[in-house]
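Notes for the one structure printed next.
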Amino acid sequence: MKLAAEGVEHHPLVPIWQELVIGSIAFALLCFVLLKFVMPRMETMYQARVDAIEGGLKRAEAAQAEANQLLEQYRAQLAEVRTEAAQIRDDARADAESIRTEILAKAREESDRIITAGRESLAVERQTIVRELRAEVGGLAVDLASRIVGESLADEARRKGTVERFLTDLESAGAR
Amino acid sequence: MSGQLVAAEGLPWPPRVGDFYPPDLAGPWVTKFTLMVWLAVGILIIFFMVAYRNPKLVPSKGQWVAESIYGLVRDNIAREQMGKDGIKFAPYFTVLFCFIALTNLFGITPGLQISPNSHIAFPIVLALVSFVLYIYAGVRKHGLGQYLKQSLILPGVPWPMHILLIPIEFLQTFIVRPFTLAVRLFANMFAGHLILLVFTVGGFVMLASDSLFIQVSSVAAFLMAILMAFFEVLVSLLQAYVFVILSANYIGSSLADEH
């Protein structure tokens, strides 16, 4: 009963109005300072951290996927290049073969041409020589004949036949 | 036995309501309770300002503690109770949670030994803020008429029932909610302090008795006092958590599209 003696005992469910005022001001101050200066940065930091962790994971995944894709791409490209190289090699081989045959054919043709030209010129030469010889032989024959005639005109008839025969022989030999 | 206990002169025995109202230090504005509230406000402002003066992605210890509290309130209370909308309320809930938890813990802090929340004025202030907040949130989202309709009229009920239901719903939403919010916190802190008084003062009273048996038995009272002090830590944090979770729930139900 000591306290009761000091004053009326306060009912615990009745608020002291000064405390209501102080509590409101103090709590308002607390809210104002923390909500203005601390909490926004807290949320930002929270988001930044979540972003850093999840974003980092996501970025790593993306990088991995990209790397895989690049690897696939390079592999495909390599295979493509290989088949292309093989094709080029085959083409080159085929080309070389065709060039070779072409050159051979040309050479053969050329040699044939040269041979026929040679033959022709030989024939012409022979013809010319025969013609010259014939003229020369005729001259020689006449020369010979006049010399024979000069020595013996008695056997003229006989010798006439001889010259004829000789020329004919010559002609047939030239034709041959 | 009661005769022996009364013999303990100078000890305030048995504990009474008067124990909660120590004499003013300097008028009704400067009392132990108002000073404790200012102390709590100062501690929280300094702690958060220091912990967050230079926040980094990889936090320092203080920053980590501050962020853990924030993360707990943000994810386990605000988002749990209110979904995505709750996140913008998380800063206020964090401040509320810290303030209640700290002022509750004053109840077992040596030198202070009593929680400001055992004076109903402070829980009333906090409950009123939540009250205003959930009505404001509801009115802002739905408009006054729609909000009242949503909170008072249950859908799918035959109309004569509304004669009964509307007053009940009104009582529930606009009177019982803030009242219970304030009284729950106040009563827990009041009772907690009373229990600690019973065991500690009671222990000293027993120690001062003439009987050796009662003197030895006081050990049990002191052990209980220690046990109850730990229990009070749990109650302090739990009541802060409950207060915030209910506030979040009320605001969430104001924002919800259906009853």
Quick check on my filter: what residues within region B:100-144 are part of a loop (DSSP other than H, G, I, E, B) and more than 10 Å from chain A (Cβ to nearest Cβ)?
B:Thr109, B:Pro110, B:Gly111, B:Leu112, B:Gln113, B:Ile114, B:Ser115, B:Gly143
With A:Gln127, A:Gln69 as the choices, which residue is among the polar types (S, T, N, Q), surrounded by 10 or more Cβ atoms within 10 Å (Cβ to Cβ) and closer than 30 Å to A:Lys160 by Cβ?
A:Gln127
When B:Pro59 is evaluated against the numbered criteria (1) buried (at least 16 other Cβ atoms within 10 Å of the Cβ); (2) part of a helix (DSSP H, G or I); (3) free of Cβ contacts under 8 Å to residues at least 12 places away in the same chain, which criterion, by number, is the only one it fails?
(2)
Which ones in region A:27-36 are more than 15 Å from B:Phe97 (Cα to Cα) and of a type in the set (A, V, I, L, M)?
A:Leu29, A:Val33
Answer yes or no as to whether B:Gly42 is modelled with pLDDT of 90 or more, small (Gly, Ala, Ser) and surrounded by 13 or more Cβ atoms within 10 Å (Cβ to Cβ).
yes
Is it the case that region A:43-50 has a residue that's facing chain B (nearest Cβ under 7 Å), under 24 Å from B:Ala127 (Cα atoms) and either of a type in the set (A, V, I, L, M) or surrounded by 14 or more Cβ atoms within 10 Å (Cβ to Cβ) (or both)?
no
Filter region B:233-249 down to residues that are farther than 16 Å from B:Val183 by Cβ, of a type outside the set (A, V, I, L, M, F, W, C) and out of contact with any Leu (no Cβ under 6 Å at 6 or more places or on another chain), then give me how many there are.
2
If I go through region A:6-20 residue by residue, how many of them are in a helix (DSSP H, G or I) and either more than 8 Å from chain B (Cβ to nearest Cβ) or surrounded by 15 or more Cβ atoms within 10 Å (Cβ to Cβ) (or both)?
3
Evaluate the following for B:Tyr52: is it among the hydroxyl-bearing types (Ser, Thr, Tyr) and more than 23 Å from the chain's Cα centre (by Cα)?
yes
Could you tell me whether A:Leu30 is in contact with a Cys (Cβ under 9 Å, 6 or more places away or on another chain), within 14 Å of chain B (Cβ to nearest Cβ) and either among the aliphatic types (A, V, I, L, M) or assigned to a helix (DSSP H, G or I) (or both)?
yes
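The values are calculated or read from the model by the stated rules, or taken from the named source; none is laboratory data. As the structure is a computational prediction, the values presented were derived from the model and not from experiment. Ideal geometry is used to build each Cβ from the backbone, glycine not excepted, and the neighbour counts take in all protein chains shown.
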